[in-house]
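Peer 1: Below are the structure tokens for one structure; questions will follow.
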Amino acid sequence: GDAVFGPSGVASWMSGSAVAGTLPGELTPEQRGESPAATVAKVSGSGSGAAKLSGSKADFVARIRPAAEAAAAKLGVPADALVAQAALETGWGKSVAGNNLFGIKASKNWNGKTVNTGTQEWDGSKMVGQKDNFRAYDSYEESFNDYANVISKQKNFAGALQSGGDPEAYFSALKAGG
């Protein structure tokens, strides 16, 4: 009965999988040369990545940062890691069906709103475009709150909560958790 994450963003970069909300023919984050570490550097303003963040990307980060900070405080992880994950999951806010910033699929036990949208899934040999049901929210804040609840309540993500504030360890533990 737990939420199922679509293979998206950080998880896809780490596993070579697909991106929820990425349409067939679009490049995934790893194909665009984006990585969690590089994206964290961009959103945190540290290192040379800060110079590359402009326009709509900066607007996206500014819009979601307060909700990311609240969720990060609940999870004990850096807010920049959550902002980076949302950026990778959504293509910097370009694909946000139902305000779902994290590609959380709507399981049979989900009683909230849903949106049926295009996604790409790895079938073991190639990327396949399809539609699937994802959780839908009234706001980005609701998306971050639900994400924090999913991560904190599912035992398979316990390692992510013990990452000690290290974004790479957090992302690796997310991947390991499924």
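The values are calculated or read from the model by the stated rules, or taken from the named source; none is laboratory data. Since the structure is predicted, the reported quantities are computational estimates derived from the model, not experimental observations. Glycine gets a Cβ as well: all are built from the backbone with ideal geometry, and neighbour counts include every protein chain shown. Accessible surface is based on the protein model in full, side chains and every heavy atom, while ligands, DNA and RNA are left aside. Shrake-Rupley method; radii C 1.70, N 1.55, O 1.52, S 1.80 Å.
Peer 1: Determine whether TYR170 is assigned to a loop (DSSP other than H, G, I, E, B), open to solvent by less than 70 Å² (accessible area, probe 1.4 Å) and out of contact with any strand residue (DSSP E or B) (no Cβ under 7 Å at 6 or more places or on another chain).
Peer 2: no
Peer 1: Please identify the pairs in which a residue from the range 114-125 that is without any contact (Cβ under 8 Å) to a residue 40 or more places away in the chain has its Cβ atom under 6 Å from the Cβ atom of a residue that is in a strand (DSSP E or B) and open to solvent by 80 Å² or more (accessible area, probe 1.4 Å), counting only partners at least 6 apart or on another chain.
Peer 2: Note: pairs meeting the criteria are ASN116/LYS131.
Peer 1: Taking helices (runs of 4 or more DSSP H) that fall entirely within the range 25-119, which contain at least 3 residues that are open to solvent by 70 Å² or more (accessible area, probe 1.4 Å) and modelled with pLDDT of 60 or more?
Peer 2: It comes to 55-75.
Peer 1: Here's a follow-up. Go through the range 120-152 and give me each residue that's over 17 Å from ALA72 (Cα atoms), open to solvent by 40 Å² or more (accessible area, probe 1.4 Å) and not acidic (Asp, Glu).
Peer 2: TRP122, GLY124, SER125, LYS126, MET127, VAL128, GLY129, GLN130, LYS131, ASN133
Peer 1: Next question, about the same structure. Please verify whether the range 159-167 includes one or more residues that are open to solvent by 70 Å² or more (accessible area, probe 1.4 Å) and either modelled with pLDDT of 90 or more or small (Gly, Ala, Ser) (or both).
Peer 2: Looking through the range 159-167, at least one residue is open to solvent by 70 Å² or more (accessible area, probe 1.4 Å) and either modelled with pLDDT of 90 or more or small (Gly, Ala, Ser) (or both).
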